[in-house]
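Engineer: Structure in structure tokens, see below.
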Amino acid sequence: MADAIELVALSQEDPFAGPADPSLLCDPGAQPDLDLYDPAGGSVDAARAIALAKEGEAAAFAYDARITNSEGSTFGRTAGGAAIVLSSGFRGAYKGSYQSLSVVPIAPDAGGKNRRGYHWTARRHLADLDPPAEVGREAARRTLRKLGARSVPTCTVPVVFDPDAARSILGLLAGCVMGSSIWRKSSYLVDREGTRIASDLVTVVDDPLLPRGPGSRAFDGEGLASRRNVVVEKGILRTVLCDSYSARKLGRASTASASRGGGAGVGASTSNFILRPGTDSNEAILRATPRGLYVTEMMGFGFNPVTGDFSRGAAGFWIEGGELAYPVSEVTISLNVDQLWQSIDAVGSDLDMRTSTASPTLRVASMTVAGTAGS
């Protein structure tokens, strides 16, 4: 206690600190039921979890004799709850659950290399998971299609990102639309609200009110009633996401985007951060791409949020004549993300809410693909 009092005496007053505006607090009696908890998940004991994981892995091995090994199959489940009692008078509680299953098969390739693929399913409710055998077969298919992967000559071509890779791109944007990033001037989007930051095909929402959504919540970390925020609307940056502190620093109201860490510290975060789907299927986007790269995996962390510079290792497939021609590895893709978002010329319909940051397939009209020397 003495140490805490001493720290208070040494601290400088921060006029932007303090609890949320009491008039904005969520009414505990009016909290929506978002169906986030499934008691059935708790019925999965260790023996059943192992059986489900083994079923997925067995299906992968049975799919093709070229699947000779595995990095494992994993079933996981979590369930928990939280209660918040604040000096502002707010009291609230919630509980939630989440189940997942992943399978990671391995197949030998030329030159003594091994190719590893994976597939996974995850949902709030146990019954919503894909069947283990289906997950295992898809994981095997994804592994086998990597056999014979090679690099490509350095070129500038359209790049199509599958939903998992596109989700990674969307995650970069999430970090740049936090109010804390804006007032600290650590984002390339400083002073960009109300201006075009992406193609008119791009609409991004942060929606904590989706039933069974992985990032859903009835109230934020400061007790404010959750609300849907349109962050990007047809390419125009409409708002940044703020907790009370960052909102005061920016001279505006909170967007009810506060979250609390394990130590109860408060900061802005996303909930269900979603790139809204378009109307074209993944297959239609590929057919409409005469030549380019289809990215299914990215490696490394080559992104500068202040300048927007982006460069990451990638793997996937070469597109020729609107079809996947052969697997590709050991290439690097690069383009400033400001240009990347504004160069998106196709957005797919295949949105899958397995994770709280989610995107469908998207295509960037032109990116540099660095591979082997040549053109």
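The values are calculated or read from the model by the stated rules, or taken from the named source; none is laboratory data. These numbers were taken from a predicted model, which means no experiment stands behind them. Every residue, glycine among them, receives a Cβ derived from its backbone with ideal geometry; neighbour counts consider all protein chains shown.
Engineer: Just name the residue that is surrounded by the fewest Cβ atoms within 10 Å (Cβ to Cβ) out of those in region 63-94 that are farther than 18 Å from ARG116 by Cβ and over 29 Å from the mean Cα position of the chain (by Cα).
Structural biologist: Going through the qualifying residues, I end up with SER87.
Engineer: Determine the pairs where a residue that is charged (D, E, K, R), located within region 83-95, has a partner that is outside any strand (DSSP E or B) and modelled with pLDDT under 85 with Cβ atoms under 9 Å apart, the partner being 6 or more residues away or on another chain.
Structural biologist: Here the result reads ARG91/PRO28, each pair linking region 83-95 to a residue that is outside any strand (DSSP E or B) and modelled with pLDDT under 85.
Engineer: Same structure again: Criterion first (surrounded by fewer than 17 Cβ atoms within 10 Å (Cβ to Cβ) and either basic (Lys, Arg) or closer than 21 Å to ILE236 by Cα (or both)) does THR307 satisfy it?
Structural biologist: Yes; evaluated as a whole, the condition is true for this residue.
Engineer: Taking the criterion of being crowded, with 21+ Cβ neighbours inside 10 Å and farther than 22 Å from LYS185 by Cβ, would at least one residue in region 239-250 satisfy it?
Structural biologist: Within region 239-250 (the criterion being crowded, with 21+ Cβ neighbours inside 10 Å and farther than 22 Å from LYS185 by Cβ), the answer is no, since none of the residues qualifies.
Engineer: When region 110-169 is examined, which residues are found to be assigned to a helix (DSSP H, G or I), crowded, with 19+ Cβ neighbours inside 10 Å and either at positive phi or hydroxyl-bearing (Ser, Thr, Tyr) (or both)?
Structural biologist: Matches in region 110-169: THR143 only.
Engineer: Let me ask something additional. Against the conditions (1) outside any loop (DSSP other than H, G, I, E, B); (2) within 30 Å of PHE75 (Cα to Cα); (3) at pLDDT below 95, where does GLY29 fall short? Just the number, please.
Structural biologist: Exception for GLY29: condition (2).
Engineer: Still on this model: Quick one: THR296 ticks every box in (1) touching a Pro at 6+ places or on another chain (Cβ under 6 Å); (2) within 30 Å of GLU323 (Cβ to Cβ) bar one, so which box is it?
Structural biologist: (1)
Engineer: For the condition under 15 Å from ARG276 (Cα atoms), out of contact with any helix residue (DSSP H, G or I) (no Cβ under 6 Å at 6 or more places or on another chain) and surrounded by fewer than 18 Cβ atoms within 10 Å (Cβ to Cβ), what is the one hit in SER349, SER334? Spell out the reasoning first.
Structural biologist: Working: SER334 fails: under 15 Å from ARG276 (Cα atoms).
Result: SER349 is the single residue among SER349, SER334 that is under 15 Å from ARG276 (Cα atoms), out of contact with any helix residue (DSSP H, G or I) (no Cβ under 6 Å at 6 or more places or on another chain) and surrounded by fewer than 18 Cβ atoms within 10 Å (Cβ to Cβ).
Engineer: Using the structure shown, decide if GLY215 is of a type outside the set (Asp, Glu), under 30 Å from LEU126 (Cα atoms), in a loop (DSSP other than H, G, I, E, B) and outside the structural domain of SER343 (by TED's automatic domain parsing).
Structural biologist: yes
Engineer: While we're looking at this one, here's another question. What number goes with the only condition from (1) modelled with pLDDT under 95; (2) among the polar types (S, T, N, Q); (3) within 19 Å of the chain's Cα centre (by Cα) that SER216 does not pass?
Structural biologist: Checking SER216 against (1) modelled with pLDDT under 95; (2) among the polar types (S, T, N, Q); (3) within 19 Å of the chain's Cα centre (by Cα), the one that fails is (1).
Engineer: Restricting the search to region 85-109, which residues are in a strand (DSSP E or B) and among the charged types (D, E, K, R)?
Structural biologist: ARG91, LYS95
Engineer: Now for a separate question. Out of GLY300, GLY235, report the one residue that is touching a Lys or Arg at 6+ places or on another chain (Cβ under 6 Å) and surrounded by fewer than 16 Cβ atoms within 10 Å (Cβ to Cβ).
Structural biologist: GLY300 is the lone residue from the list that is touching a Lys or Arg at 6+ places or on another chain (Cβ under 6 Å) and surrounded by fewer than 16 Cβ atoms within 10 Å (Cβ to Cβ).
Engineer: So which of ALA198, ALA256, ALA166, ALA174 ends up being more than 20 Å from SER343 (Cβ to Cβ) and in contact (Cβ under 8 Å) with a residue 24 or more places away in the chain?
Structural biologist: Residue meeting the stated conditions: ALA256.
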